[in-house]
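The values are calculated or read from the model by the stated rules, or taken from the named source; none is laboratory data. Please read all numbers here as calculations on a predicted model, not as lab measurements. Counting neighbours? That spans all protein chains shown, and the Cβs are built from the backbone with ideal geometry, glycine included.
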Amino acid sequence: MAYSQYDRKVKPKFGLIESWARNGLTDEQIAKNLGISKTTFYKYLREHNELSELLKRNKEVVDVQVENALLKRALGYSYNEDKYMSVAMEQGEYFEKLDEFMNKYKYEHPDATDSELMMVREQFPKTKMVLIQRKTKDVAPDTTAQIFWLKNRKPNDWRDKQNVEISGEINNPFKELTTEQLLKLAGGKEDG
C-alpha cells in the first residue's frame, strides 16, 4: 500500500501539530513547519477530519486561556509576593533530607560510582529557603481590557461607530432663489 504525502508528512507529526496549535501558531505557520504549502494544508483539513478536529481542539485551549487572562486583567486580581531567606538546617533535618535525596539519586542512577555518589553528597545544600514575608498585592482593573472585552462581547452596546439614521425631509427655503437674489439677501455684491 502506497502512503500519501499526508501519511508521511502530517500524520506522524500530530504531537507537534498539537503543540504548535496550543502555542498559537497560525495554519500558515503550521503548514510551513510541516514543509507543505498552505493550499495543501487547507486541502488536508477538508479531507481529514482527524486533523481539523486536532487543530480545533488545541486552538480552543489557547483561546480559553487568553479569554481567562483577559477577563482576569479586566476585573483586576490579587497575587502574593513572597520573600525568602536562606537559613542553615538543623543537623537532624539535614541528614534526613540528605538520606532521602541520596536514596532517590541512587534509584535514578543505579550505575553511579562511589566517587560520583560522594561528590553528589558533598554538593547537597546545608541550607534551606524559609518564607520570611508574604505581601498580598492588588492589580487594579484594566480599563483597556474592559473596553476590549465589552466591544467584543456586546458590540451593539459598546462599539465606537454609531449608525444614526435620519429620516424625513430637510426644507430649504432658499432653493427657488437665484444667485443674484441670494447675494442681495446676504448683502454682498456679485462680481462681474
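Here is a yes/no grid of residues against (1) under 40 Å from the mean Cα position of the chain (by Cα); (2) more than 30 Å from VAL64 (Cβ to Cβ):
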{"residue": "ASN80", "(1), (2)": "yes, no"}
{"residue": "SER86", "(1), (2)": "yes, yes"}
{"residue": "GLU90", "(1), (2)": "no, yes"}
{"residue": "LYS154", "(1), (2)": "yes, no"}
{"residue": "GLN181", "(1), (2)": "no, yes"}
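Criterion first (closer than 30 Å to MET129 by Cβ and touching a helix residue (DSSP H, G or I) at 6+ places or on another chain (Cβ under 8 Å)) does MET89 satisfy it? Here the answer is yes, as MET89 does meet what is asked. Residues that are surrounded by 10 or more Cβ atoms within 10 Å (Cβ to Cβ) and either modelled with pLDDT of 90 or more or in contact with a Leu (Cβ under 8 Å, 6 or more places away or on another chain) (or both) number at least 2 in the following helices (runs of 4 or more DSSP H) confined to region 110-171: 114-123, 143-153. Residues that are within 20 Å of LYS13 (Cβ to Cβ) and of a type in the set (S, T, N, Q) were ranked within region 43-73; the one that is modelled with the lowest pLDDT is ASN58. Report, by residue number, each residue of region 16-36 that is under 20 Å from the mean Cα position of the chain (by Cα) and either among the small types (Gly, Ala, Ser) or in a helix (DSSP H, G or I) (or both). Scanning region 16-36 gives LEU16, ILE17, GLU18, SER19, TRP20, ALA21, ARG22, GLY24, ASP27, GLU28, GLN29, ILE30. Close Cβ contacts (under 9 Å, 6 or more residues apart or on different chains) running from residues in region 52-69 that are farther than 19 Å from TYR6 by Cβ to residues that are surrounded by fewer than 12 Cβ atoms within 10 Å (Cβ to Cβ) and of a type outside the set (Lys, Arg) comprise VAL62/ASN23.
Here are some conditions: (1) closer than 30 Å to LEU98 by Cβ; (2) touching a residue at least 40 places away in the same chain (Cβ under 8 Å). ARG121 meets all but one. Which one does it not meet? Going through the list (1) closer than 30 Å to LEU98 by Cβ; (2) touching a residue at least 40 places away in the same chain (Cβ under 8 Å), ARG121 breaks only (2).
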